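A.B. asks: Below is the structure I would like to discuss, written out as structure tokens.
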């Protein structure tokens, strides 16, 4: 039995003043992991300058790097430009789509994107009332539908979902209850439970908890850097 | 006199929205003429910027910067998901 070793971190929030510092933590990562996944909020303000710092920190790693953007990376309306900078540095950037990567003889499917909020079953917003509210919830629903379709379309041995926003509330424990609707949505988990996956990774909730599970039994890990307290976590998926 | 809860909310919004900080997870408490900042950031410069923005948003209060700078540790042991 071979293990697929997935290194994961989110919310690294890099800027010019910390250039070069995060990269030092990635030295030797190829000995610990087969792939690195970065769960959004790569920058602080979503500027192109910060995007270039992130691209330089992740450039030329000896293992594949897959990333999604987070809400901070959208702040300056330069999300497409930041994604392009990252792609030029060799990073695979997911935007509500999927990719299959050959990792040590295993076909690993990764599906994901930023995700969005809305809240959790029984205590969530719905597509009702003002257009602003409907648009908010519709945005999340369309993302969830895209992920579900991408998961169904992918032909892979193992499937991982990479998000910025949280799909369950268990990994938010530690955050104030009042802000849960801004931290994630159960629609994301429902979509993944329907299509199936082996693991969901997310960030965004700095005060949350690392480990949780969807209603369907899929493991969820909150890999926000302040939650981990370490440069990245490594999760091993058993592969026959 | 502005209620302390509104002052704290205004400072918290400034920390999130000011271009120098954009920090969302900082707790702000006001007691009398004292303002307390708590939370975790990744660098000392960001901690100082947060205190500066808070001072500007509430110039009549004494700002106590209790924000903790988190040191990133080396990756620890892996978790096996079987």
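A.B. asks: For the range B:8-26, which residues satisfy the criterion of being surrounded by fewer than 15 Cβ atoms within 10 Å (Cβ to Cβ) and closer than 27 Å to residue A:16 by Cβ?
C.D. replies: B:13, B:16, B:17, B:19, listed by residue number.
A.B. asks: Then there is this: Select from the range A:194-207 the residues that are facing chain B (nearest Cβ under 7 Å) and over 12 Å from residue A:160 (Cα atoms) and write down the one among them that is farthest from the chain's Cα centre (by Cα).
C.D. replies: The first filter runs over the range A:194-207 and keeps only residues facing chain B (nearest Cβ under 7 Å), leaving A:199, A:206-207.
When the remaining residues are screened for being over 12 Å from residue A:160 (Cα atoms), the result is A:206-207.
On the way: A:206: 14, A:207: 16 Å.
Residue satisfying both the conditions and the ranking: A:207.
A.B. asks: I want to confirm something. Restricting to the range B:14-36 and keeping residues that are within 14 Å of another protein chain (Cβ to nearest Cβ) and farther than 19 Å from residue A:41 by Cα, which single residue is modelled with the lowest pLDDT? Give the derivation first.
C.D. replies: The initial filter retains those residues of the range B:14-36 that are within 14 Å of another protein chain (Cβ to nearest Cβ), namely B:15-29.
In the following step, the residues that additionally are farther than 19 Å from residue A:41 by Cα were identified as B:27-29.
Numbers: B:27: 92, B:28: 96, B:29: 95.
Selected residue: B:27.
A.B. asks: A further question on this structure: Please go through (1) closer than 12 Å to residue A:72 by Cα; (2) within 9 Å of chain B (Cβ to nearest Cβ) for residue A:42 and return the number of the only condition it doesn't satisfy.
C.D. replies: Result: residue A:42 fails condition (2) only.
A.B. asks: So, in the range A:1-32, of the ones that are within 20 Å of residue A:202 (Cβ to Cβ) and assigned to a loop (DSSP other than H, G, I, E, B), which residue ends up nearest to the other protein chains (Cβ to nearest Cβ)?
C.D. replies: So, considering only residues that are within 20 Å of residue A:202 (Cβ to Cβ) and assigned to a loop (DSSP other than H, G, I, E, B), the one nearest to the other protein chains (Cβ to nearest Cβ) is A:13.
A.B. asks: Using the structure shown, decide if residue A:183 is within 13 Å of chain B (Cβ to nearest Cβ) and touching a strand residue (DSSP E or B) at 6+ places or on another chain (Cβ under 9 Å). Even if it seems obvious, please write down each step before you answer.
C.D. replies: On the way: within 13 Å of chain B (Cβ to nearest Cβ): yes; touching a strand residue (DSSP E or B) at 6+ places or on another chain (Cβ under 9 Å): yes.
Criteria met by residue A:183.
A.B. asks: Ok, one more. Where residues in the range B:40-76 are closer than 15 Å to residue B:13 by Cα and within 14 Å of chain A (Cβ to nearest Cβ), which of them is surrounded by the most Cβ atoms within 10 Å (Cβ to Cβ)?
C.D. replies: Result: B:50.
A.B. asks: Count, please, the residues in the range A:68-89 that happen to be touching a helix residue (DSSP H, G or I) at 6+ places or on another chain (Cβ under 6 Å) and closer than 14 Å to residue A:11 by Cβ. Walk me through it before giving the result.
C.D. replies: Looking only at the range A:68-89, we keep the residues that are touching a helix residue (DSSP H, G or I) at 6+ places or on another chain (Cβ under 6 Å), and these are A:69, A:73, A:78-79, A:81-82, A:85-86, A:89.
So of that shortlist, the ones also closer than 14 Å to residue A:11 by Cβ come out as A:69, A:73.
Of the residues in the range A:68-89, 2 are touching a helix residue (DSSP H, G or I) at 6+ places or on another chain (Cβ under 6 Å) and closer than 14 Å to residue A:11 by Cβ.
A.B. asks: If you don't mind, another one. So which residues in the range A:208-240 are at the interface with chain B (Cβ under 9 Å from one of its Cβ atoms), buried (at least 19 other Cβ atoms within 10 Å of the Cβ) and assigned to a loop (DSSP other than H, G, I, E, B)?
C.D. replies: Within the range A:208-240, A:231, A:232 meet the criteria.
A.B. asks: Among the residues of the range A:64-74, write down those that are surrounded by fewer than 21 Cβ atoms within 10 Å (Cβ to Cβ) and in contact with a strand residue (DSSP E or B) (Cβ under 8 Å, 6 or more places away or on another chain).
C.D. replies: Here is the first cut: in the range A:64-74, the ones surrounded by fewer than 21 Cβ atoms within 10 Å (Cβ to Cβ) are A:64, A:71, A:74.
Hit for the range A:64-74 is A:64, nothing else.
A.B. asks: Okay, moving on. Can you say whether residue A:178 is modelled with pLDDT under 95, out of contact with any strand residue (DSSP E or B) (no Cβ under 6 Å at 6 or more places or on another chain) and either surrounded by fewer than 24 Cβ atoms within 10 Å (Cβ to Cβ) or not in a loop (DSSP other than H, G, I, E, B) (or both), as far as the supplied structure shows? Can you show your working first?
C.D. replies: Numbers: modelled with pLDDT under 95: yes; out of contact with any strand residue (DSSP E or B) (no Cβ under 6 Å at 6 or more places or on another chain): yes; either surrounded by fewer than 24 Cβ atoms within 10 Å (Cβ to Cβ) or not in a loop (DSSP other than H, G, I, E, B) (or both): yes.
So residue A:178 passes the test.
The values are calculated or read from the model by the stated rules, or taken from the named source; none is laboratory data. Quantities reported herein were computed from a predicted structural model and do not represent experimental measurements. With ideal geometry, Cβ positions are generated from the backbone for all residues, glycine too; neighbour counts draw on all protein chains shown.
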